[in-house]
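Trainee: Structure in structure tokens, see below.
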Amino acid sequence: MKGTLQAISETRKLLGDKEVALIGFSGAPWTLMSYMIEGGGSRTLSKAKSWLYRFPEESIDFLKGLTEVVINYLVEQIVQGAQMLQVFESHAEHLSPNLFMKYCLPNLELIARKVRSTVLELGYEPVPMIIFAKGGHFALQQLVGIGYDVIGIDWTIDPQVARKIVGENIVLQGNLDPCALYAPQETLKSLVSEMVERFGQDKYICNLGHGIYPDAPIAAVEWLIAEVHKHKI
């Protein structure tokens, strides 16, 4: 964590007064817990999910401890110069709605609330916060009311469907399939234009529907950015 925080501080200094937002982030508690139990990536997260069924109270305590770590980590990122924060619940898709509401939602809400209150106590201004629950379409309506300014969505949900669920007052972010970056230039440009059209120009942040892959062509990223800048968002 120390290295990341130092990198945020140094990057903020390098950016100076440029109109470029520096975004900090953290994995969310359930995602962190699942990686810790699984020891890495997993198609099923069966080991981690089994904890939720076999040790429900211990799982709640485990997640509470991780929640405090995430809160402190995000607060320190603001102190070091982050101007926006994103919380990644990348493994939401592995949970049923009931499990998500029990083990994820309360902690995600606490993160949003405590980060804001803590930075105020420290004399800093709160920053906008994004929640991204990959595959958590079933929880979009609930995510609206837990204190985040932006909800990220992945490429498996139609932006217009997501907008109907969350309403007109929340900002949506997403949702290009990261694999679209491997497409030919003209195909990629068409996909980007279609995506922006389906989201609309209001309360929208253009982004991928999850993380960029290590071997994604840099030229494709440049095409994506150039195409987005043609639209008034």
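The values are calculated or read from the model by the stated rules, or taken from the named source; none is laboratory data. Quick caveat, the model's predicted, so the values are computed rather than measured. Neighbour counts are summed over all protein chains in view; Cβ atoms, including those assigned to glycine, are modelled from backbone coordinates with ideal geometry. The protein model used for the area step is the full one, side chains on, heavy atoms only, and it has no ligands, DNA or RNA in it. Shrake-Rupley method; radii C 1.70, N 1.55, O 1.52, S 1.80 Å.
Trainee: Would you kindly find the accessible area of residue 69, with a 1.4 Å probe and non-protein molecules such as ligands, DNA and RNA excluded, rounding to the nearest 10 Å²?
Mentor: Here the accessible area works out near 70 Å².
Trainee: Leaving out ligands, DNA and RNA, what percent of the accessible area of segment 120-233 is carbon and sulfur, probe 1.4 Å?
Mentor: Values: 3220 of 6000 Å².
Taking all protein chains in place, segment 120-233 shows 54 percent carbon and sulfur surface.
Trainee: Further, regarding this structure: How much accessible area per residue does segment 71-152 have, counting only protein heavy atoms and a probe of 1.4 Å, in square angstrom? Intermediate results must be reported in sequence, preceding the final value.
Mentor: Working: 3130 Å² over 82 residues.
Per-residue accessible area for segment 71-152 comes out at 38 Å².
Trainee: Principal axis extents for segment 54-99, Cα atoms only, whole Å, descending order, please.
Mentor: Sorted from largest, the Cα extents of segment 54-99 read 41, 21, 11 Å.
Trainee: Consider all pairwise Cα distances in segment 1-42 and report the whole-number % of them above 13 Å.
Mentor: On the way: 559 of 861 pairs.
Tail of the P(r) past 13 Å holds 65 percent of the pairs.
Trainee: List the trypsin sites (Lys or Arg not before Pro) within segment 10-42 that DSSP assigns to loop and that have no more than 15 neighbouring Cβ atoms inside 10 Å. Kindly include the intermediate steps, with their values, before the conclusion.
Mentor: On the way: sites: 12, 13, 18; in loops: 18.
Answer in residue order: 18.
Trainee: Across segment 101-233, how many lysine pairs, 8 or more apart or on two chains, come within less than 20 Å at their alpha-carbon atoms?
Mentor: The number of close lysine pairs in segment 101-233 is 9.
Trainee: Another question about this same structure. Just to make sure I understand: if all protein chains stay in place, what is the order of 43, 198, 116, 163 by accessible area at 1.4 Å, largest first? Before the final figure, lay out each step's value.
Mentor: Values: 43 225, 198 80, 116 55, 163 35 Å².
These residues rank, largest area first, as 43, 198, 116, 163.
Trainee: Let me ask something else about it. Please give the solvent-accessible surface of residue 229 in Å², to the nearest 10, using a probe radius of 1.4 Å with every protein chain present.
Mentor: 150 Å²
Trainee: Using a 1.4 Å probe, what is the accessible area per residue for segment 1-57, in Å²?
Mentor: Working: 3810 Å² over 57 residues.
Ligands and nucleic acids excluded, the figure is 67 Å² per residue.
Trainee: Let me ask another. So what is Rg over Rh here for segment 37-150, counting just Cα atoms and using Kirkwood for Rh? Before the final figure, lay out the partial values.
Mentor: Numbers: Rg = 14.7 Å, Rh = 14.9 Å.
When Rh is taken as the Kirkwood radius, the ratio is 0.98.
Trainee: Give the residue from 166, 180, 135 lying farthest towards the positive end of the charge dipole for segment 132-233; charges sit on Cβ (+1 for Lys and Arg, -1 for Asp and Glu) and the dipole is referred to the Cα centre.
Mentor: Selected residue: 166.
Trainee: Using amide H atoms built 1.01 Å from N in the peptide plane, name the residues 5+ places from residue 28, or on other chains, whose amide H lies under 5 Å from its own.
Mentor: The list, which skips near neighbours in sequence, is 88, 89, 90.
Trainee: How compact is the chain by the rule of thumb for globular proteins, expressed as Cα Rg over 2.2 N^0.38 Å? List each step's numbers first, then the result.
Mentor: Numbers: Rg = 18.1 Å, N = 233, 2.2 N^0.38 = 17.5 Å.
In units of the globular-protein estimate, the chain measures up at 1.04.
Trainee: Let me ask something else about it. Across the Cα atoms of segment 3-99, what radius of gyration and what greatest pairwise Cα-Cα distance (Dmax) are found, in Å?
Mentor: 16.3, 52
Trainee: In what order, largest first, do 202, 149, 154 sit by accessible area if the probe radius is 1.4 Å?
Mentor: Working: 202 120, 149 65, 154 5 Å².
Per-residue accessible area, sorted high to low, gives 202, 149, 154.
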